[in-house]
Amino acid sequence: MRTILSTLLLSGALLGGCLADARYSGTATVEASTPDLVTVEPGVQVIADYDYPVFYSGGAYWRYDDDGWYSSNVYTGGWRYTERPPEVVARISIPQTYVHYRPSGYVAHRRAAPQREHPVRRGPTVRDHRR
């Protein structure tokens, strides 16, 4: 019994030592792009000329969809439902009016990347590839 217990302890120590020595070394390059943001009211900006009404406030992106607010750290996806957006964002009465929003005299600086995902998924996604 002692031999089996000693063998198990020794195996565990050796395995733990092998796992502890696993290391990664290298470099990673990250390119981040920011969309053109236009102020719609103090403390709130919207992505100009974008396919969806995506707002920026308080260090996060906000999107209204299906009677609820969603937030993300990036404007292209990763949306999470939130019950309480910041008050300044929640005061936007009709968020859909900001789709392709361009204020008077607006000149595009950079085009926003397309939306990667829809914030609300209801059932499977079906795609028809017939021509």
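The values are calculated or read from the model by the stated rules, or taken from the named source; none is laboratory data. Being a predicted model, the structure only gives us computed values, none of them experimental. Every residue, glycine as well, gets a Cβ built from its backbone with ideal geometry; the counts of neighbours run over all protein chains shown. These accessible areas exclude ligands, DNA and RNA; they are computed on the full protein's heavy atoms, side chains included. Shrake-Rupley method; radii C 1.70, N 1.55, O 1.52, S 1.80 Å.
Here is how the numbers come out for the structure above:
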| item | result |
| --- | --- |
| Residues located in the range 66-82, provided they are over 13 Å from ILE47 (Cβ atoms) and under 17 Å from the mean Cα position of the chain (by Cα) | GLY68, TRP69, TYR70, SER71, ASN73, GLY77, GLY78, TRP79, ARG80, TYR81, THR82 |
| Any hit, the range 28-46, residues being among the hydroxyl-bearing types (Ser, Thr, Tyr), at pLDDT 75 or above and surrounded by 10 or more Cβ atoms within 10 Å (Cβ to Cβ) | yes |
| Strands (runs of 3 or more DSSP E) within the range 53-107 that include 1 or more residues modelled with pLDDT of 95 or more and open to solvent by 40 Å² or more (accessible area, probe 1.4 Å) | 54-57, 80-82 |
| Cross-chain or 6+ apart pairs with Cβ under 8 Å, the range 79-91 first and closer than 10 Å to TRP62 by Cβ, then acidic (Asp, Glu) and assigned to a loop (DSSP other than H, G, I, E, B) | TRP79/GLU117 |
